[in-house]
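Engineer: My structure is below; once you've seen it, I'll send some questions.
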Amino acid sequence: TRAIRIAPSILSADFANFGAEIRAIEDQGADWVHVDVMDGHFVPNLTFGPQLCKAIRPHIRTVMDVHLMIAPVDPYIAAFADAGADYLSAHLEAGPHVHRTLQAIRAAGCKAGLALNPGTPVEAAAPLLDLVDLVCVMTVNPGFGGQSFIATQVAQVAKLRALIGDRPVLIEIDGGVTPDTAPLVAAAGADVLVAGSAVFKGGSVANPAPYGANIRAI
Ligand code: DX5
Ligand code: ZN
């Protein structure tokens, strides 16, 4: 049986307290910490860049999972690697030379992730599966937390699981993960579940117990 890892997205954390928020979610059982980097160009929202990643890195005891929603990617790979990203994921839709991007991520010393928008068939990942350590299947259109899960992506997860075969590639799900939707993607073959609003709702640094209850409910 697969162990499902929960990766809270700090997009839903208190932006003035990232260090304390990260300690709180890890104390409450988070397996990874998911960091959503948005550029206002590839997606219609702006978040943070490599300097913020570097600043929070010493507060992360688990795994720093950086999701780049930026285009272009290649000019920024070195900075995110230097910031200490364990997994660095780039979108297939972010540029014309995704092979080069994935090779550059590994050459920079990170584990390489390939993220796919909901409109991209998972078959597009097939030629790239030997170049990646993780495929992130978006179950919302990236850009914002708190959106609704796109249920047609469950079948795509199952297809991707079959395409991966016995390769050591993790399937990550990102967007709209809740206690209702998590079992669907887990059954379809997911390994890592990103969850933002569903983890952080009802809690705070001063009252972190709801984070733990929320993680266990997923
Ligand atoms: C969406 C981000 C997600 C997002 C998930 O663009 O990539 O990681 O924060 O948030 P929820 O879990 O609230 O859908
Ligand atoms: Zn994300």
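Engineer: Of VAL63, VAL35, which residue is within 22 Å of PRO210 (Cα to Cα) and within 11 Å of ligand 2 (Cβ to nearest atom)?
Structural biologist: VAL35
Engineer: I would also like to ask the following. For the list (1) more than 13 Å from ligand 2 (Cβ to nearest atom); (2) among the aliphatic types (A, V, I, L, M); (3) under 20 Å from LEU92 (Cβ atoms), I need the number of the one condition that VAL137 fails.
Structural biologist: (1)
Engineer: If we only count strands (runs of 3 or more DSSP E) wholly inside region 1-119, which ones have 1 or more residues that are among the basic types (Lys, Arg) and either in contact with a strand residue (DSSP E or B) (Cβ under 8 Å, 6 or more places away or on another chain) or modelled with pLDDT of 95 or more (or both)?
Structural biologist: Per the criteria, 5-8, 111-116.
Engineer: Counting only residues that are within 16 Å of ligand 1 (Cβ to nearest atom) and in contact with a helix residue (DSSP H, G or I) (Cβ under 7 Å, 6 or more places away or on another chain), how many does region 14-27 have?
Structural biologist: 5
Engineer: Go through region 107-157 and count every residue that is loosely packed, with under 15 Cβ neighbours inside 10 Å and either farther than 22 Å from PRO8 by Cβ or touching a Pro at 6+ places or on another chain (Cβ under 7 Å) (or both).
Structural biologist: Selection size over region 107-157: 13.
Engineer: Then there is this: Spot the failing condition for PRO44; the list is (1) more than 17 Å from the chain's Cα centre (by Cα); (2) farther than 16 Å from PRO142 by Cα; (3) within 16 Å of ligand 2 (Cβ to nearest atom), and only one is missed.
Structural biologist: (2)
Engineer: Taking region 35-51 as the region of interest, how many residues are within 15 Å of ligand 1 (Cβ to nearest atom) and touching a helix residue (DSSP H, G or I) at 6+ places or on another chain (Cβ under 7 Å)?
Structural biologist: Looking only at that region, the number is 4.
Engineer: Additional query: Within the group ALA198, ALA158, which residue is in contact with a helix residue (DSSP H, G or I) (Cβ under 7 Å, 6 or more places away or on another chain), touching a residue at least 12 places away in the same chain (Cβ under 8 Å), farther than 25 Å from VAL33 by Cβ and of a type outside the set (Asp, Glu)?
Structural biologist: ALA158
The values are calculated or read from the model by the stated rules, or taken from the named source; none is laboratory data. Everything quoted here is computed from the prediction, not taken from an experiment. Every residue, glycine as well, gets a Cβ built from its backbone with ideal geometry; the counts of neighbours run over all protein chains shown.
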